[in-house]
1. Would you check if residue 70 is modelled with pLDDT of 90 or more and in contact with a Lys or Arg (Cβ under 7 Å, 6 or more places away or on another chain)?
2. Does residue 19 satisfy the condition of being at pLDDT 90 or above, surrounded by 11 or more Cβ atoms within 10 Å (Cβ to Cβ) and under 22 Å from residue 65 (Cα atoms)?
3. Would you check which residues across the stretch 32-43 are touching a Lys or Arg at 6+ places or on another chain (Cβ under 9 Å), surrounded by 15 or more Cβ atoms within 10 Å (Cβ to Cβ) and part of a strand (DSSP E or B) and list them?
4. Got a sec? Which of 29, 67 is assigned to a strand (DSSP E or B) and either exposed (fewer than 12 other Cβ atoms within 10 Å of the Cβ) or at negative phi (or both)?
Amino acid sequence: MTVSGAGLRHHIGPEVDEVDEADLATVPGQMVRSPRPLAAPAALECRHQTALQVGPAREIILEQVVGVFVRSDAQHREPAYR
């Protein structure tokens, strides 16, 4: 998010594709239509549930996780605790 939002603060709008602007490689979503970043060690695919207005310019977005993806090189093979 740092790369995609950096330098775009004055230009962000629905017409700006932040993924293209950040030159990120993606793979198609399996459970949702939007792609996920290829280089991410872990990614969640989510479906929108609701948005709660908590202030004039603030909202809380609630999503349902429908897919979890973790690269094999990012997984620990040994238990973290015993």
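The values are calculated or read from the model by the stated rules, or taken from the named source; none is laboratory data. Remember, predicted model here, so these are calculated numbers, not experimental data. Here the Cβ is made from the backbone with ideal geometry for all residues, glycine too, and neighbour counts use every protein chain on show.
1. no
2. When the stated conditions are applied, residue 19 does not pass them.
3. Answer for the stretch 32-43, where residues must be touching a Lys or Arg at 6+ places or on another chain (Cβ under 9 Å), surrounded by 15 or more Cβ atoms within 10 Å (Cβ to Cβ) and part of a strand (DSSP E or B): just 43.
4. Selected residue: 67, the only one of 29, 67 that is assigned to a strand (DSSP E or B) and either exposed (fewer than 12 other Cβ atoms within 10 Å of the Cβ) or at negative phi (or both).
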